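A short worksheet on the structure shown next.
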Amino acid sequence: MGFWLTFFLVLHVLVAIAAFGPSYAYPVIGRFSAESPHSARLAARMIYAIQTRMQIPGAIVTPFLGVALIYLGHVQLWQSGWLLISIGLYVIAFFYAVLVQTPLIARMSRALARLPDPPAGGVAAPPPPGIGVMARRVRINGIFLTILITTIVILMIWKPGNCQGVC
């Protein structure tokens with residue numbers, strides 16, 4: 001494996017980990033946010049910030065690094081079914097995340113930001129109407145996106161149909 005191929009492979013993997021790794025922590029953050037509206041406000045802001053500052057930029061860079069790997073590795077794209085499927089799933093995941101999930105989380109974050117801070121030792125205000133529905137949609141969308149990303153990772157590692165010297 002040449003220097004540039006190794007360089008782009010390492011970079012591709014590192015950017016993918018930074019971009020998509022946080023997604024696996026969202027269910028844990030979501031559990032904490034379900035405990036109180038005050039926690040939900042912080043959780044929604046954190047998730048939105050991670051998505052817009054890390055995940056989306058990383059998701060934009062990742063395919064360019066992949067193209068470099070295809071070129072440098074002399075990969076026969078149209079003969080690599082696993083790669084074509086991965087690219088198709090990636091396109092679906094990217095646009096679903098950018099056009100559906102991120103705006104939903106932004107709306108939820110704005111709605112939760114309007115909550116007043118709980119008084120010292122007092123009871124927090126109830127969540128705004130519709131937050132429960134939004135939270136369920138965010139959770140379902142998150143599960144869908146996590147399944148897509150996990151499938152892509154499995155395909156990238158396993159490369160079904162690729163001989164890899166065994167044929």
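The numbers here are math on the coordinates, done by the rules we state, and not lab data. These numbers were taken from a predicted model, which means no experiment stands behind them. Every residue, glycine as well, gets a Cβ built from its backbone with ideal geometry; the counts of neighbours run over all protein chains shown.
List, in order, the whole-Hz ³J(HN,Hα) value for each residue of the range 136-146 obtained from phi through the Karplus relation with A = 6.51, B = -1.76, C = 1.60 and θ = phi - 60°; use x for Gly and Pro.
Once θ is set to phi - 60°, the couplings for the range 136-146 become 5, 5, 4, 5, 5, 4, x, 4, 4, 5, 5 Hz.
Which angle from 0 to 90°, rounded to the nearest 10, does the C-alpha axis of helix 3-20 make with the longest principal axis of the chain?
The answer is roughly 20 degrees.
Once the other residues with Cβ under 15 Å from the Cβ of Phe32 are scored (Lys, Arg +1; Asp, Glu -1), what is the net sum?
So the environment of Phe32 carries a net charge of +3.
Could you calculate the contour length gain from Thr146 to Ser36, that is, 0.36 nm times the residue separation minus the distance between their Cα atoms, to one decimal place in nm?
37.1 nm
Any idea what the dipole of the chain comes to, in debye rounded to 20, about its Cα centre with Lys/Arg Cβ at +1 and Asp/Glu Cβ at -1?
Using Cβ point charges on Lys, Arg, Asp and Glu, the chain gives about 420 debye.
Could you work out how far helix 37-50 tilts from the main Cα principal axis of the chain, as a 0 to 90 degree angle to the nearest 10?
On a 0 to 90 degree scale, this one is about 30.
Taking the chain as the reference, fit the longest principal axis to its C-alpha atoms, fit the long axis of helix 26-35 to the helix C-alpha atoms, and give the angle between the two in degrees, 0 to 90, nearest 10.
10 degrees
For Met134, Met1, Met108, which order do you get if you count the other beta carbons within 10 Å of each Cβ and list the fewest first?
Listing Met134, Met1, Met108 from fewest to most nearby Cβ atoms yields Met1, Met134, Met108.
So what is the 222 nm mean residue ellipticity for the chain from helices alone, if each DSSP H run of at least 4 adds -39500 (n - 2.57) and you divide by all residues, rounding to the nearest 500 deg cm²/dmol?
Helix-only estimate at 222 nm: -23000 deg cm²/dmol.
Here are a few candidate values for semi-axes √(5λ) of the Cα gyration tensor in Å: (1) 42, 16, 14; (2) 39, 15, 12; (3) 27, 22, 14. Which one was actually calculated from the structure I just gave you?
Of the listed options (1) 42, 16, 14; (2) 39, 15, 12; (3) 27, 22, 14, (2) comes from this structure.
Using 0.36 nm per residue of separation minus the Cα-Cα distance, give me the extension gain between Ile85 and Trp4 in nm, one decimal.
26.6 nm
From the residues Leu148, His38, Trp158, which one has its Cα farthest along the dipole of the chain in the positive direction, the dipole being from +1 and -1 charges on Cβ of Lys/Arg and Asp/Glu about the Cα centre?
His38
Just order 87-95, 152-160 by mean Cβ neighbour count inside 10 Å, highest at the front, would you?
Top to bottom by mean Cβ count within 10 Å: 87-95, 152-160.
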